[in-house]
């Protein structure tokens, strides 16, 4: 009998266009609206990963890594703007 293989998606944090797109949007919204935006965007990504058959623990790791990448991009932009 064959065991099911674990599906490993291309890492979300390495999807530069995704990280930039989310960061661009977050620069335009603040406070509660930013929280709503984040929750809605992540819910869409989670739904896609689930429908693709990605395991819940892998989804959590991917979302956490994506969050770190977006935060790093926000900080990079803030520092580059401050240096000008």
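Structure data summary
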{"quantity": "Difference of contour (0.36 nm per residue) and Cα-Cα distance, residue 50 to residue 80", "calculated": "7.2 nm"}
{"quantity": "Nearest 10 degrees, 0 to 90: helix 32-51 Cα axis against the chain principal axis", "calculated": "20"}
{"quantity": "Label assignment, Kirkwood radius over Cα pairs in Å derived from the structure, set (i) 12.3; (ii) 14.1; (iii) 13.6", "calculated": "(ii)"}
{"quantity": "Computed [θ] at 222 nm, deg cm²/dmol, the chain (DSSP H ≥ 4; -39,500 (n - 2.57); rounded to nearest 500)", "calculated": "-24500 deg cm²/dmol"}
{"quantity": "Among 30-37, 10-17, the order from most to least packed when residues are scored by Cβ within 10 Å on average", "calculated": "10-17, 30-37"}
{"quantity": "Most mobile listed residue (29, 19, 54) in the chain, GNM with C-alpha springs under 10 Å", "calculated": "29"}
{"quantity": "Modelled FRET efficiency - R0 22 Å, residue 39 with residue 8, Cβ distances, 0.05 increments", "calculated": "0.30"}
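Each reported figure results from applying straightforward, stated rules to the coordinates on display, with no laboratory input. Since this is a predicted model, take the numbers as computed values, not measurements. Note: ideal-geometry Cβ built from the backbone for every residue, glycine included; neighbour counts use all protein chains shown.
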